[in-house]
Amino acid sequence: MDKILVLDFGGQYNELIARRVRSLNVYAEIISYDRITIEEIKDKYKGIIFTGGPNSVNDSTSPHYNDAILDLNIPILGICYGYQLLAYMSHGKISNKALKREYGKTTLYSTNSTLFNGIPETSICWMSHNDFVEKVPHGFKVTAKTDNCEVAAIENNEKKLFGVQFHPEVTHTEYGMKLISNFIFNICNCTPDWKIDDFAKSSIEKYKKELENKKVILALSGGVDSSALALLLNKAIGKNLICVFVDHGLLRKGESDYVYNLFKNKFDLNIIRVDARERFLSKLKGITNPEEKRKIIGKEFIEVFKEVKNSLGEIDYLSQGTIYPDIIESGNNKSAVIKSHHNVGGLPKDTGFKGIIEPLKYLFKDEVRKIGLELNLPEEIVYRQPFPGPGLAVRIIGDITEEKLKILKDSDEILREEFKNNNLDKIASQYFTVLLNTHSVGVMGDSRTYGYTVAIRSVTTDDFMTATWTKIPYEILETISTRITNEIKDVNRVVYDITSKPPATVEWE
Ligand code: XMP
């Protein structure tokens, strides 16, 4: 099997790079630059991609790699920081005195070349950089530029070294996939033979043997990852799989019962639902700081889980719905922390298990979805919009109370209903309401009101790394606003969030 190494220098979009390569049926793995030696790279990969990263190559503390990598005769594609590093290693000059900082969608002018083969001379790319290549290294030719960046791409065909200042892996770059495909197939000569189709079948067989007569506990959240995993392991070990579903009270309206009934009644899984609503609420009382909320929820989740585990007696293994992006996040502390994500990745590993089982750990979300479908997971779960581990807690700005939770759940239900009625649920990737911690003055009947404000958030995205706000038609916005203010006591104002990511994030906290 041909493999591509994505050499990680700490960029925000690194997992996307691997995902794009895999979508071309070529296996890609991401390894941090300081965890792999030249010896380990040699003869193992058909191509290498240097990723982006937040540093400046001229800084003495910035991540670098052994120059000998350029002489392995393995094609290299450098992206953003990776491009600057490649140029630097090839004795070019990098400067931070850019005429203008380039950020976001930018017009790219490219020339026909090996890497840009089949790409129109003018196209749109996604830029995000301060530094730029000032002096092109010897042996390289310039293959693209923008209005503010004279050297937006370079290539050295003889040494098979290529670099692009922009990000071909994000969907905003119009011909990004074409460029990656040119690199993978025309330059690295990879064979597209990596498929996940029989992953579920072979995993079930594997775990049937390996886990015979063993007891396994799994934290089930109702998201696609842990749900697909529950069905997979259920097929392998049946009732020896114990699924634990913690209801922390921060789930959407109706969600707790839906998930529990589905797995208990439809799939007949061995499932325990823990009612931890009061516990979480009391721990969160008076907490307003978003990071603190996230940490409390993560910690409390572990406590609850530990207690359930102890009450069950001897359990051999812990299984987690960890997927590839989770591993990359936890294994790499170089990219800047935007939000500390809580999910099942944070479960206790030191509570007497013989081991951890993470069958999905090399898969991306879209690959897990395919497996879910194969295992007859309802489409509603397979394609459900993502829901953050800390749940509604990060959608209530300020402290969390039962009253606010009720307002948020009710307004979110109205939004979801109207999205469904108007088919907007097919267009938007994620949509929800947020309860703000400001009161404002309104008028109802002839009286003054002083009520809560609800914000509508809806984004469209492929990868959740970048997102654009959904253009909801005015009439639908009006219906949503009218319904929320009419049907929910204490809400007298509805606003619509029209920021993309970046600069905002999808969730408000
Ligand atoms: P942001 O807000 O960072 O969110 O733009 C990107 C995507 O991640 C989801 N999200 C989380 N998912 N645990 C999760 O499993 C978390 O702590 C968490 N926080 C945000 C968010 O809903 C969006 O889909």
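Coordinate-derived values only; no laboratory data. Worth saying up front: this structure is predicted, and the values here are computed from it rather than measured. When we count neighbours, we look across all protein chains shown, and the Cβ atoms used for this are built from the backbone with ideal geometry, even at glycine.
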The extension gain from Asp257 to Lys214, computed as 0.36 nm times the residue separation minus the Cα-Cα distance, is 12.6 nm
With a Förster distance of 30 angstrom and the Cβ-Cβ distance between Asn437 and Glu413, calculated FRET efficiency to the nearest 0.05 equals 0.90
With x for Gly and Pro, the residue-by-residue ³J(HN,Hα) of the stretch 485-491, computed from phi through the Karplus equation 6.51 cos²θ - 1.76 cosθ + 1.60 at θ = phi - 60° and given in whole Hz, is 6, 7, 8, 10, 5, 6, 10
For the Leu477, Asp316 Cβ pair and Förster radius 45 Å, calculated FRET efficiency rounded to 0.05 is 0.30
Expressed as a whole-number percentage, the relative contact order of the stretch 3-187 with C-alpha contacts under 8 angstrom and at least six residues apart is 21
Ordering 45-54, 473-482 by per-residue average of other C-beta atoms within 10 angstrom, highest first, gives 45-54, 473-482
Taking 0.36 nm per residue of separation between Asp59 and Lys195 and subtracting their Cα-Cα distance, the length gained on full extension comes to 44.9 nm
Measuring from its Cα centre, the chain shows a charge dipole (+1 at each Lys and Arg Cβ, -1 at each Asp and Glu Cβ) which, in debye to the nearest 20, is 340
The percentage of Cα-Cα pairs in the stretch 177-330 separated by more than 18 Å is 67
Per its Cα gyration tensor (rounded if a/c is under 1.5, else prolate when a/b beats b/c, else oblate), the stretch 448-509 is best filed as prolate
Between the modelled labels at Ser202 and Thr460 (7 Å from Cα along Cα→Cβ) the distance in nm is 3.8
Cross-link reach from Lys159 to lysines, straight Cα distance under 26 Å and at least 8 residues apart if same chain, gives Lys3, Lys42, Lys44, Lys46, Lys93, Lys135, Lys141, Lys145, Lys178
Helix 402-421 sits off the longest principal axis of the Cα atoms of the chain, rounded to the nearest 10 on a 0 to 90 degree scale, by 70
Counting only DSSP beta bridges with both partners in the chain, the antiparallel fraction in percent, to the nearest 5, comes to 50
Burial-style ranking of 302-308, 190-196, 223-229, average other-beta-carbon count within 10 Å with highest first, yields 223-229, 302-308, 190-196
What helix-only [θ] at 222 nm does the chain give? Using -39500 (n - 2.57) per DSSP H run of at least 4, over all residues, to the nearest 500, the answer is -8500 deg cm²/dmol
In terms of the alpha carbon gyration tensor, root eigenvalues a ≥ b ≥ c, rounded if a/c is under 1.5 and otherwise prolate when a/b exceeds b/c or oblate, the stretch 3-187 is rounded
Length gained, Lys239-Ser500, 0.36 nm per residue minus C-alpha separation, equals 89.4 nm
So for R0 = 30 Å, FRET eff. of Arg101-Glu292 from the Cβ-Cβ r, to 0.05, ends up at 0.35
Quick calc: nm separation of the 7 Å Cα→Cβ label points for Glu278 and Tyr109 -> 7.1
One can check that the equivalent ellipsoid of the chain, built from the alpha-carbon gyration tensor with semi-axes equal to the square roots of five times its eigenvalues, has lengths in Å, largest first, of 42, 31, 20
Of the candidates Met465, Leu5, Gly321, the farthest towards the positive dipole end of the chain (Lys/Arg Cβ +1, Asp/Glu Cβ -1, centred on the Cα centre) is Gly321
Expressed as a whole-number percentage, the relative contact order of the stretch 131-265 with C-alpha contacts under 8 angstrom and at least six residues apart is 12
Checked against a 20 Å limit on the C-alpha separation, the offending pairs among Lys215/Lys283; Lys214/Lys309; Lys285/Lys404; Lys201/Lys361; Lys215/Lys239 are Lys215/Lys283
Protection proxy (average C-beta count within 10 Å per residue), highest first, orders 254-264, 425-435 as 425-435, 254-264
Length-normalised contact order of the chain, Cα under 8 Å, at least 6 apart, in percent, tallies to 11
Expressed in µm² per second, the diffusion coefficient of the stretch 401-496 from the Stokes-Einstein equation, with Rh the Kirkwood radius over alpha carbon pairs, at 4 °C and 1.567 mPa s, is 93
Quick note, the stretch 140-184: a/c under 1.5 would make it rounded; otherwise a/b > b/c is prolate and the rest oblate (a ≥ b ≥ c, C-alpha gyration tensor); here it is oblate
Checked against the positive end of the charge dipole of the chain (+1 on Cβ of Lys and Arg, -1 on Cβ of Asp and Glu, about the Cα centre), the farthest of Cys80, Leu220, Trp508 is Leu220
